[in-house]
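Only one structure is covered here, and it is reproduced in the block below.
Nothing in this text is a laboratory measurement; each read-out follows from the coordinates by a stated rule. Treat the numbers as computed from the prediction; the structure is a model and nothing was measured. So basically every Cβ, Gly included, is an ideal-geometry build from the backbone, and we count neighbours across all protein chains shown.
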Amino acid sequence: MSTNPPILPGAGPQADTPLFPFDRERIHVIWRRMLAYGTDLLIIGTLVGLAWLVVLPLIVVSFGLLMAPLAFALGLIPAAYHTLLIGGSGSATWGQRLFGLEVRSLDGGRPSYLQALILTILFYVSIGLTGGLILALIPFTRYRQGVHDLIANIVVLRRVRGAEVLPPPESGR
């Protein structure tokens, strides 16, 4: 079995040499990721707003006693959104799908729900602790991954219709 990291589609020979660290297709993925996340924020904001309309009467009826648990539950909406959609059959949030992206494990398969949860938690924690500055590292990693992507062992790339993300593992002939 090879110990070399897998080569992703669209990553020509130049992408893996020190002379050409920025493959054109990967650079465009960064902008797509930003636009996709902006779209996801609008969707999540709408979901949270609608959820507030549902829980607000409960808070009023309970004279505020349910405020803390219901506010905590509403805070779980972004985590559930990312985890369920990335770990699901589409392997992408609605924003990522809109901009032609998908999330894959480095082995080429779909990320598990556990990977998606780890990715989501690390993303929100790293953004919160660094004010988003941690994302400045993305252009300098091999597969344009954030720290949260690296730890969760995933990569975000353009969706390629009808093509495998990575070649199948070598069979033991």
Placing each pseudo-label 7 Å from Cα in the direction of the beta carbon, residue 76 and residue 127 end up separated by a distance in nanometres of 2.0 nm
proj_area_mean for the range 23-158 (convex hull on C-alpha atoms), units nm², value 8.7 nm²
Shape call for the range 55-125, from the Cα gyration tensor axes a ≥ b ≥ c (a/c under 1.5 means rounded, otherwise prolate when a/b beats b/c, else oblate), comes out prolate
Nearest-0.05 FRET efficiency for residue 98 and residue 151 at R0 = 35 Å, using Cβ-Cβ distance, is 0.85
